[in-house]
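First up is the structure itself, then whatever we jot down about it.
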Amino acid sequence: MLKRYWRLTLAGALLVSGTVQAQGEVTNGQQVAMQGDGSGAPCLACHGLDGAGNNAAGFPRLAGLDEKYIAKQIRDYNSGQRVSPIMQPNVDNLSEQQILAVAAYYAQQPVPAAPAAGDAELVAQGEKIAKRGDWNHYIPACESCHGPDNQGMGATFPGIAGQHPNYIKQQLNAWRAGDRHNDPNQLMTGVAERLSEQQIEAVAAYLGAQQAVAANGGPQ
Ligand code: HEC
Ligand code: HEC
């Protein structure tokens, strides 16, 4: 009788707490970044614990990106909507709770200082495309979707100011080649396929040298 009573109490306690977690599951965002999904490499190995990423290696900066955008990208890798043989094995074992936790963690990291701008002429050309577009080639200003100064607009339009130039180029080329296709209504595909290779170089050089502003207000 006593045993039965304890069982019932335990069940009640689980119901009240509202969450039944898998045993031993790590649900702290920083710990997820340090340990990874349990089967792949830890996030920090490539993105850093601070989320700064790495330009030369093509690892995107995650620090200060919108947390819902980050979570969507992880889900897209897992569903195959966004394809990356490097990323997918590192996130395919994350639970939804871990995805939300690690996304919130990286969104809250302070954004690193922007590197100095390179080739002035290239950067000036990139600025024009980013702010005004190129109507001779039906290319809208990046700002018209990515928000003022390309700092991002909510969860749908990520901040691209202060993202690593090599990563920006890779993504634009992936859209042009049809390899990335997780954009709502193919909003980005239509833009990327009209950009020339030279324009991609220019806009990446410009954006990479802009100071990013954290989407969710930065560290608290
Ligand atoms: C072995 C290196 C590596 C590891 C480990 C890794 N990533 Fe990545 N990550 C990448 C690369 C490379 C890309 C860009 C892939 C592409 O082209 O889509 C990326 C892209 C991403 C993106 C998309 C960013 C954007 O701006 O759209 C998110 C979010 C992300 N990673 C989160 C994580 C998290 C969370 C973990 C740990 C659970 C993790 N990554 C582990 C290399 C890595
Ligand atoms: C019509 C709206 C629209 C315009 C204009 C636009 N974008 Fe985008 N862009 C998007 C959307 C939506 C996404 C996010 C797709 C997703 O959910 O994965 C995106 C994502 C991106 C990404 C990937 C960011 C990341 O973290 O992975 C890059 C890089 C990018 N855009 C560059 C540009 C550049 C450069 C321009 C201007 C030449 C531009 N975009 C103009 C809608 C737009």
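Numbers below:
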{"item": "Accessible area (Å², 1.4 Å probe, nearest 10) - R180", "result": "20 Å²"}
{"item": "Net charge of Cβ neighbours under 12 Å - reference S95; Lys, Arg +1; Asp, Glu -1", "result": "-3"}
{"item": "Per residue solvent-accessible surface (Å²) - the chain, probe of 1.4 Å", "result": "55 Å²"}
{"item": "Paramagnetic reach from A56 (point 7 Å along Cα→Cβ, amide N under 17 Å) across region 84-119", "result": "115-116"}
{"item": "Residues Q35 and Q186, FRET efficiency given R0 of 30 Å [Cβ-Cβ distance, rounded to 0.05]", "result": "0.25"}
{"item": "The chain: translational diffusion in µm²/s, Stokes-Einstein, Kirkwood Rh over Cα pairs, 10 °C, 1.306 mPa s", "result": "85 µm²/s"}
{"item": "Cα centroid separation, region 81-141 to region 30-54 (Å)", "result": "17 Å"}
{"item": "Heavy atoms of L187: accessible area, 1.4 Å probe, square angstrom to 10", "result": "80 Å²"}
{"item": "Surrounding net charge for A114, when Lys and Arg each add one and Asp and Glu each subtract one, Cβ distance under 13 Å", "result": "0"}
{"item": "Projected area, mean over directions - region 24-107, Cα convex hull, nm²", "result": "4.8 nm²"}
{"item": "Positive-pole candidate from Q88, A209, A101, dipole of the chain, charges at beta carbon", "result": "A101"}
{"item": "Sum of -39500 (n - 2.57) over DSSP H runs of 4+, divided by residues of the chain (222 nm, nearest 500)", "result": "-13500 deg cm²/dmol"}
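The values are calculated or read from the model by the stated rules, or taken from the named source; none is laboratory data. All values reported here derive from a predicted model rather than from experimental measurement. Because the Cβ atoms are built from the backbone with ideal geometry, glycine has one as well, and the counts that use them run over all protein chains shown. What goes into the accessible areas is simple: the full protein's heavy atoms, side chains included, and nothing from ligands, DNA or RNA. Shrake-Rupley method; radii C 1.70, N 1.55, O 1.52, S 1.80 Å.
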